[in-house]
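Beneath this line is the structure, given in structure tokens, with notes to follow.
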Amino acid sequence: MTSFNFSTWPPQLTPEQLEALTLAATTYALSHGLLYLPPSQSPSNTQPRIPTTAIHAPLSLIPTPFPRAQFQAARELQSVYNVLYARVAMDTHFLDAVMGAEEGVGKADEFTGTLWRGWKKIREHGALAQPLHLGLFRSDYLLHTAEDRLALKQVEFNTISSSFGPLSERAAAMHRNILASTSYFSASPHLTADNFPENSTTSGLVEGFSKAHEAYGVRDARILFVVQPNERNVFDQQWLEYELLEKHQIHVVRQTLADLAVSASLDPSTHALILTSPTNSSPYEISAIYFHATYTPSDFPSPSYYDTRFLLERSRAIKCPSLPLQLAGGKKVQEALTRPGVLERFFNNEGAKWGARALDLTAHAADIRATWMGMWALDSEDVDIAAALDHLPDAGQAQGSVPPGTRLARLKAPSLVLKPQREGGGNNVYREAIPAFLDALPTEEREAWIAMEMIETPRGVSAYLVRASPSSSGTDNGSIEKKVVRVEVISELGIFGYALFGEGEVVEREVGWLVRTKGTESNEGGVAAGFSVLDSVVLV
């Protein structure tokens, strides 16, 4: 078997073929709910947006090539990651040490510290009414080129607001439809049906919700989606709602934190979360809470918003995620797991029936470690980092009291990315921008950042990217300009999974995948943040 040449992708198309594929893709997207709301002309944080127009989500015309072996490996590892992060969330001592405001990153990062202090106060008052946690996870990967070989490397592990499962399922279906209708004009022998894997992420994620609802034990209760005001990615969430109602007869209530400050209360005897609604005379009991907000400081414009978040945490509803599970998704946890012996600590099998299948976790420790790039904390005084400095040129220059972790980041800046404890895209610092950033970074904030070796993706891979954006003509006539560009790209694979867990057995499963593709000129990968497009894979 000959190796795939990434620099030959995508196959050549005539202008007429490109136009036909663009028409097929955008028509399919508009017909099948692969949609966004356009940017609001007059945003409001108090009134829900009533859709009057929609645009197709940004998308790729041809799926991106991905090695079959690495695709399968990523899917097989998801159950191991599901269990790992369930165990991290249950380890209060570990989270206090790594993410807390007394001895962890919460000292330097006010947002993380506020969440941790709220969780600690709830614990100390014995107000944790619900022992179960629900995680809807996504593990994100890039292909890494090293010594002429491709390796699967993890970018991050998401424990909150793991978006784009339903829309990515529809992006994969769009590519299969184009293949069936056009055969992609026989442009490549790789574009065949057996190289287009199925994607059923929507039903898999909803399975996690339904299991949490069943575990709660009140059939007529509803699931609460906590959303951001003026959410553009509403259709991705609506597909989850439709599946819950149509397949499981479970209703969903959507409210913002501002809404909940007025509508939410706890039953004094059962701690059930009760919501009132202006459209319903009877209040709703909530079985599970899906946080599609609360992962960024901008979701908390005043302290009262944190009060509302902590009220929800004290309820008997099953949180997705709970505060400890949200903290477990921090970049500092990702870095801490790479330290010697830490992963193995979580992989012992003492006294717990972890996993829907019998997983020999210790046998997978090497496989998990193989997906990690080197990373360390900027405030690290680790002797291994100090030893690494001894082998680098210019390392002996006077640095005063600068810790070895920061010194190493400065010296290796061209091959690094710095990451804070933030989700949502647009927060990282890359390569040549690092030295100036370190010069301006206050000493007390170093602990909030980690350094990670850059994943070096295959070069020369291109794609046809299709965006839809409001007309730039200056007239507000609702017209849409479609832009098709061929650019060199980087594609990121995300694997979805869920875990419902507590002190006993965890119920978990890998449930699907997504691909996000961006131009190489963009360092970030968030579709909602405007940096990338939805894609799927052709296995090679």
(request) Would you mind finding the one in Ala129, Ala101, Ala86 that is touching a helix residue (DSSP H, G or I) at 6+ places or on another chain (Cβ under 9 Å), within 30 Å of Ser269 (Cα to Cα), assigned to a loop (DSSP other than H, G, I, E, B) and of a type in the set (Gly, Ala, Ser)? (result) Ala129
(request) Considering each of Ala395, Ala358, Ala409, Ala352 in turn, give the residue that is modelled with pLDDT of 90 or more and not acidic (Asp, Glu). (result) Ala409
(request) Among the candidates Lys319, Lys331, single out the residue that is closer than 15 Å to Phe157 by Cβ and touching a residue at least 24 places away in the same chain (Cβ under 8 Å). (result) Lys331
(message) Out of everything in the range 526-540 that is under 21 Å from Met454 (Cα atoms), open to solvent by less than 20 Å² (accessible area, probe 1.4 Å) and out of contact with any Leu (no Cβ under 7 Å at 6 or more places or on another chain), what residue ends up being modelled with the highest pLDDT?
(response) Ser532
(message) On the basis of being touching a Ser or Thr at 6+ places or on another chain (Cβ under 9 Å), buried (at least 18 other Cβ atoms within 10 Å of the Cβ), within 22 Å of Leu128 (Cα to Cα) and aliphatic (A, V, I, L, M), does Ala288 make the cut?
(response) no
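Please indicate, with yes or no, whether at least one residue in the range 416-432 is part of a helix (DSSP H, G or I), closer than 15 Å to Leu378 by Cβ and open to solvent by less than 50 Å² (accessible area, probe 1.4 Å).
The answer is no, given that none of the residues of the range 416-432 is part of a helix (DSSP H, G or I), closer than 15 Å to Leu378 by Cβ and open to solvent by less than 50 Å² (accessible area, probe 1.4 Å).
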(request) Pairs only if they're at least six apart or on different chains, beta carbon under 9 angstrom, first in the range 58-83 and more than 20 Å from Thr8 (Cα to Cα) and touching a residue at least 24 places away in the same chain (Cβ under 8 Å), second hydroxyl-bearing (Ser, Thr, Tyr) and part of a helix (DSSP H, G or I); list them, first residue then second. (result) Leu59/Thr26
(message) Being open to solvent by 50 Å² or more (accessible area, probe 1.4 Å) and assigned to a helix (DSSP H, G or I) is the filter here; which residues of the range 438-468 pass it?
(response) Asp439, Ala440, Thr443, Glu444, Glu445
(request) Scan the range 214-262 for residues that are without any contact (Cβ under 8 Å) to a residue 24 or more places away in the chain and either touching a Cys at 6+ places or on another chain (Cβ under 9 Å) or under 25 Å from Tyr36 (Cβ atoms) (or both) and report the count. (result) 5
(message) The conditions are (1) surrounded by fewer than 21 Cβ atoms within 10 Å (Cβ to Cβ); (2) at pLDDT 95 or above; (3) within 30 Å of Arg75 (Cβ to Cβ); (4) of a type outside the set (Phe, Trp, Tyr), and His93 fails exactly one of them. Which is it?
(response) (3)
(request) Evaluate the following for Ile160: is it in a strand (DSSP E or B) and closer than 20 Å to Leu136 by Cβ? (result) no
(message) Please go through the range 223-264 and give me each residue that is assigned to a loop (DSSP other than H, G, I, E, B), in contact with a strand residue (DSSP E or B) (Cβ under 6 Å, 6 or more places away or on another chain) and not β-branched (Val, Ile, Thr), ordered by number.
(response) Arg232, His251
(message) The conditions are (1) of a type in the set (Asp, Glu); (2) surrounded by fewer than 18 Cβ atoms within 10 Å (Cβ to Cβ); (3) at pLDDT 95 or above, and Glu103 fails exactly one of them. Which is it?
(response) (3)
(request) Scan the range 146-197 for residues that are surrounded by 16 or more Cβ atoms within 10 Å (Cβ to Cβ), small (Gly, Ala, Ser) and either in contact with a strand residue (DSSP E or B) (Cβ under 7 Å, 6 or more places away or on another chain) or free of Cβ contacts under 8 Å to residues at least 40 places away in the same chain (or both) and jot them down. (result) Ala151, Ser161, Ser162, Gly165, Ser168, Ala171
(request) Filter the range 265-285 for residues that are open to solvent by 20 Å² or more (accessible area, probe 1.4 Å) and either touching a Pro at 6+ places or on another chain (Cβ under 7 Å) or in a strand (DSSP E or B) (or both) and give the result. (result) Ser265, Leu266, Ile274, Thr276, Ser277, Asn280, Ser281, Ser282, Pro283, Tyr284, Glu285
(message) Checking Lys211 against (1) under 21 Å from Ala129 (Cα atoms); (2) over 22 Å from the mean Cα position of the chain (by Cα): exactly one of these is not met. Which one?
(response) (2)
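The values are calculated or read from the model by the stated rules, or taken from the named source; none is laboratory data. Values in this document were obtained by computation on a predicted structure and should not be read as measured data. When we count neighbours, we look across all protein chains shown, and the Cβ atoms used for this are built from the backbone with ideal geometry, even at glycine. These accessible areas exclude ligands, DNA and RNA; they are computed on the full protein's heavy atoms, side chains included. Shrake-Rupley method; radii C 1.70, N 1.55, O 1.52, S 1.80 Å.
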